[in-house]
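One structure below.
The values are calculated or read from the model by the stated rules, or taken from the named source; none is laboratory data. It should be emphasised that the depicted structure is a prediction, and the values quoted were computed from it without experimental measurement. Cβ coordinates were reconstructed from backbone atoms using ideal geometry, including for glycine residues, and neighbour counts include every protein chain displayed. The protein model used for the area step is the full one, side chains on, heavy atoms only, and it has no ligands, DNA or RNA in it. Shrake-Rupley method; radii C 1.70, N 1.55, O 1.52, S 1.80 Å.
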Amino acid sequence: MTKINRELLEELDPDLLLMDGFDDCIAGIVERYGEEDIICYDRDAVWDKLGKMGMSCEDAVEFYCFNQLGAYMGERTPCFVYQP
């Protein structure tokens with residue numbers, strides 16, 4: 001996956017919420033009718049990155065579920081996408 005240019009994203013929309021250290025896991029920007037755009041992360045890329053940071057598979061999934069997926073930071077909270 002190509003690393004997204006954080007500076008370009010911040011220039012396009014300085015209010016986008018980004019997860020520090022996971023720029024290379026960004027899948028894109030989600031447009032929603034009548035709502036602000038949000039960042040979308042590739043869930044599997046996030047899990048892989050957590051594993052490369054030294055977490056076991058189980059720990060990576062637990063960390064992701066509690067600290068990333070489960071973190072609500074307002075209406076601009078990022079979302080996650082995966083392909084079954």
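A few points about this structure:
- For residue 75, the accessible area of its heavy atoms, probed at 1.4 Å with every protein chain present, is near 150 square angstrom.
- Sites residue 35 and residue 63, calculated FRET efficiency, Cβ-Cβ separation with R0 22 Å, nearest 0.05: 0.20
- Most to least accessible of 30, 81 (protein chains only, probe 1.4 Å): 81, 30
- Sequence of 4, 29, 38 when ordered by accessible area, the most exposed leading, probe 1.4 angstrom: 29, 4, 38
- Residue 15 exposes around 100 Å² of accessible area when a 1.4 Å probe is run over every protein chain in place.
- For the range 33-84, chymotrypsin sites (Phe, Trp or Tyr not before Pro) are listed when DSSP marks them as loop and at most 11 other Cβ atoms sit within 10 Å of their Cβ; the list is 33, 72.
- Mean accessible surface per residue for the chain, computed with a 1.4 Å probe while every protein chain stays in place, in Å²: 70
- Degrees, to the nearest 10: 43-52 long Cα axis against longest axis of the chain: 50
- Accessible surface, 1.4 Å probe, highest first, among residues 65, 57: 57, 65
- Unit charges at the beta carbon, dipole of the chain: most positive-side option, 80, 53, 39: 53
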